[in-house]
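Written below as structure tokens is the structure these notes are about.
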Amino acid sequence: MVMAGIAAFACIAAWFAWRRRRRARALAALFDARLSQAKTPSEEIAAMSELLRRAARRRDPDADKLLGDDWLRFLDAGLQPPVFATGAGAVLRDGGYRRDVSSQDVESVRSVARARFLDWMRSP
């Protein structure tokens, strides 16, 4: 009887782990697919910002209304060192509206934006 309970618990735990991994892969695919649709570096930055605002609403329903440095500080919450307000992520402040965004700017922020998006979308 005890062995059956342990086996049932192990199956349930494995099922939850499988679901969590599947959701993480789906979220990563969503982020990557949305960015691949962008035709210019500015559109990629705008797509990242849009996805991050979507994820931010899971943390605070009003977070998507933040602007400028307040938005970047919100993105940095809990990160050491901060990467949005003072690092590569600062391009999210206005990069989606600028014509002079370079591919290097996009590359420098993509990984941190993707990590923040996945982190916020995975956690409740």
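The values are calculated or read from the model by the stated rules, or taken from the named source; none is laboratory data. In this text, all values refer to a predicted model and were calculated from it rather than measured experimentally. Neighbour counts are summed over all protein chains in view; Cβ atoms, including those assigned to glycine, are modelled from backbone coordinates with ideal geometry.
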Inset, instruction - Sort out which residues of segment 102-124 are surrounded by fewer than 12 Cβ atoms within 10 Å (Cβ to Cβ) and in contact with an Asp or Glu (Cβ under 9 Å, 6 or more places away or on another chain), and write them in order of number. - result: S103
Legend entry - Positions within segment 64-77 being within 18 Å of A47 (Cα to Cα), over 16 Å from the mean Cα position of the chain (by Cα) and part of a helix (DSSP H, G or I), in sequence order: K65, G68
Inset, instruction - Kindly indicate which of D60, D94 is surrounded by 11 or more Cβ atoms within 10 Å (Cβ to Cβ) and over 26 Å from E107 (Cβ atoms). - result: D60
Inset, instruction - For Q80, work out the one condition from (1) crowded, with 16+ Cβ neighbours inside 10 Å; (2) at pLDDT 85 or above; (3) part of a loop (DSSP other than H, G, I, E, B) it doesn't fulfil. - result: (1)
Legend entry - The lone exception for R99 - which of (1) outside any helix (DSSP H, G or I); (2) touching a residue at least 24 places away in the same chain (Cβ under 8 Å); (3) in contact with an Asp or Glu (Cβ under 9 Å, 6 or more places away or on another chain) it fails: (3)
Inset, instruction - Please enumerate the residues belonging to segment 16-46 that are without any contact (Cβ under 8 Å) to a residue 24 or more places away in the chain, assigned to a helix (DSSP H, G or I) and surrounded by 13 or more Cβ atoms within 10 Å (Cβ to Cβ). - result: L30, R34
